[in-house]
1. Within segment 154-164, can you find the residues that are surrounded by 20 or more Cβ atoms within 10 Å (Cβ to Cβ) and out of contact with any Ser or Thr (no Cβ under 7 Å at 6 or more places or on another chain)?
2. Kindly indicate the residue of segment 482-504 that is within 16 Å of the ligand (Cβ to nearest atom) and modelled with pLDDT of 90 or more and also most open to solvent (accessible area, probe 1.4 Å) among those meeting that condition.
3. Specify which of the listed residues (Thr590, Thr599, Thr578) is open to solvent by 20 Å² or more (accessible area, probe 1.4 Å), within 9 Å of the ligand (Cβ to nearest atom) and assigned by TED's automatic domain parsing to the domain that holds Glu507.
4. Among the residues of segment 283-293, is there at least one that is on the phi < 0 side of the Ramachandran plot and either in a loop (DSSP other than H, G, I, E, B) or assigned by TED's automatic domain parsing to the domain that holds Val355 (or both)?
5. Looking only at segment 204-241, which residues are in contact with a Ser or Thr (Cβ under 8 Å, 6 or more places away or on another chain), buried (at least 18 other Cβ atoms within 10 Å of the Cβ) and in a loop (DSSP other than H, G, I, E, B)?
6. Do the conditions hold for Glu264, that is, is it open to solvent by less than 10 Å² (accessible area, probe 1.4 Å) and among the charged types (D, E, K, R)?
7. From the set of residues in segment 514-547 that are open to solvent by 50 Å² or more (accessible area, probe 1.4 Å) and farther than 18 Å from Val610 by Cα, which is nearest to the ligand (Cβ to nearest atom)?
Amino acid sequence: MKPVGRPRFRGVSYVLLLAACLVAAVVTGWTALGAQIDNNAYDFLFRLNPPEPWPLNSVVLAADEASLQKFGSMRRIRTILASVLERLSQARPKVVAIDVILADAGDEAEDARLETAFRNTRNLVLPCARTRATWELPLPRFSRWASAVGHVHTNKDPLDGVSRSLPVEEIAFGDRRWALSLEAFRLDSGGGPILESPGDIQVGGVVVPAVRRHGVRNMLIRYLPPQPDGASPIPTVTFAQMLGANPPVEKLRNKVVFVGIMAESAAWDRLMTPYSFGRTMPGVEAHAHAFETFNSGRFLRPAPETAAVLFSLLLVAAAGAVFWLLSGWPAYLAAVGVLLVAHLTPYLLFRRGIVFPYMGALAAAWLASVAAATYQHFVVRRNLLRSETERGRYRQAIHFVTHEMRTPLTAIQGSSELMSRYNLNDEKRKQMAGMINSESKRLARMIQTFLDVERLGEGQLELRREEYSLGDCLSTCIERARVIAERKQIEIVMEASEPCHLHGDRELMEYAFYNLLTNAVKYSPPETSVRVAVRAAAGDVRVSVADQGIGMEGAELKNIFLKFYRTRKAEASGETGTGIGLSIVEQIVTRHGGRIEVTSQPGMGSCFTVSLPFLRTAV
Ligand code: ADP
């Protein structure tokens, strides 16, 4: 009986199941659902981990609704802009970045005034935008006064429209433009060149993580949290304030000023951020947030895709190992540990500025844990069921054996009692002594057989190594089996064969062949025949015992060598048995370096073939 302990998994199918979980998890992470969950997790962590405040270097100078109403609508924007810049020059800002596209020629007087204002502005950055057909660039009369022209695009996530990152460069129509905010930062840092490597860019000694992936370089914008009343965290001055009686010049002094439109009626580039909750942010403010990200150096770095896949692999391996090595509560507790690691790692990494995709890791941990736990559950159940049936068969066999033992015991008891109580004559006495002797021998044989089974199973039985004639061995068995066969008028036929010698334990081999013969007789109807054939093949000799009996179902064949297993047909035949014989036969044959095979058809008969290593043919 095998003890029910730690489940014995079938390694390959278990590993395949876990591999399937890993593939499913990684693929789920790449689906739209996975990407959306990653987005939501990102926004949640983003709000949960606002960066420590730092002294801001930028100001937004923008036209709100009131400004446009007071000084004229967007039609007069160039004049308004010129007036604002004229006032702004008093504050001597470090950089002025304009977020109003000025690609078309307007009224000559208006354009001339704006041009003059631009000429008088130090470190001016003008905007450009990519349309389907071309770059929309500022009029040459404007751009000639600009220190840089930067693009004003931000990324909008295709799934939820939230802007989380900035394309630091835009390449189109044979031209490459850096972002407006990056140009502003470059000028603020001294106006040196932007150095590039595949993984990042460098501006004024600051390394910006912006890996080029699929031809685009994105940088995650570290938006600043809005103020409690929902107001922008970036200091803001409106055009109306600037053009009023007391312009807040000091607020703008030595700052990097982003000039644009924030009036909802006029700003076409309003966008959603992780902080939005439905309220949009004007593009000009987003540029200021991007600038502050460069300026503070508090970058968020997306983890490499390989790291995410590797982490998923680790989680799957951990969940697999948990249910491989443990069972019951310890396994479930350890699995909770694996799930916690999967949930907490992205959070802890985010706190260190590394953005880790949530979905792949979660899917890997959950799928692998559930699959491994289910697998274990079913294997445990299957093992339990198997041991239950084995135990049942064992009980039956013990029942049968004790019953069988009682018969000789009763005979011995009865005879010895008769002998002691009555004065029997010599002949009777001799007869009874003979009976006691033969029955106790039978009992001893039975006990020996059972002991041998156990010792054979544990590999403890020493095999004798002697040379013996196979023909003699088989004849002895056939003669013994004939006694039983004759009761059913079954003929045992030994086919003629060349004499051959084998090496091994003749007594045990006799036991094996005798068992095959008695089974053949037992499970055959009367007046049939059993044929024994010996064939020498290259290297081994094959002994087959074929009958015309009840046969066996194909599905049951693989079980008949298990201890205590009996086929349904055998049970129904009324023949008694323990289901032990064949398991001993198999062990004897394998201990001799041979093997046993069986072919059978229900109702047509069975044929057992024993192959043994061949010694030599006698001459
Ligand atoms: P048993 O004591 O039941 O005969 P064995 O271990 O010798 O035990 O055989 C195991 C089972 O294999 C039998 O119960 C029977 O179902 C099946 N079996 C063995 N030999 C034959 C045969 N010659 N024909 C049909 N069934 C057989």
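1. Matches in segment 154-164: Arg164 only.
2. That would be Glu491.
3. Thr578
4. The answer is no; no qualifying residue exists.
5. Ile221, Arg222, Tyr223, Ile234
6. Here the answer is no, as Glu264 does not meet what is asked.
7. Only one residue tops the list, namely Lys522.
Results for (1) touching a residue at least 12 places away in the same chain (Cβ under 8 Å); (2) under 30 Å from Arg253 (Cα atoms), shown as yes or no for each residue.
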position: Asp43; (1), (2): yes, no
position: Phe46; (1), (2): yes, no
position: Ile77; (1), (2): yes, yes
position: Asp99; (1), (2): yes, yes
position: Glu108; (1), (2): no, no
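The values are calculated or read from the model by the stated rules, or taken from the named source; none is laboratory data. Owing to the predicted nature of the structure, the values given are computational and were not obtained by experimental measurement. Cβ atoms come from the backbone with ideal geometry, glycine included; neighbour counts cover every protein chain shown. Note: areas computed on protein heavy atoms with side chains; ligands, DNA, RNA excluded. Shrake-Rupley method; radii C 1.70, N 1.55, O 1.52, S 1.80 Å.
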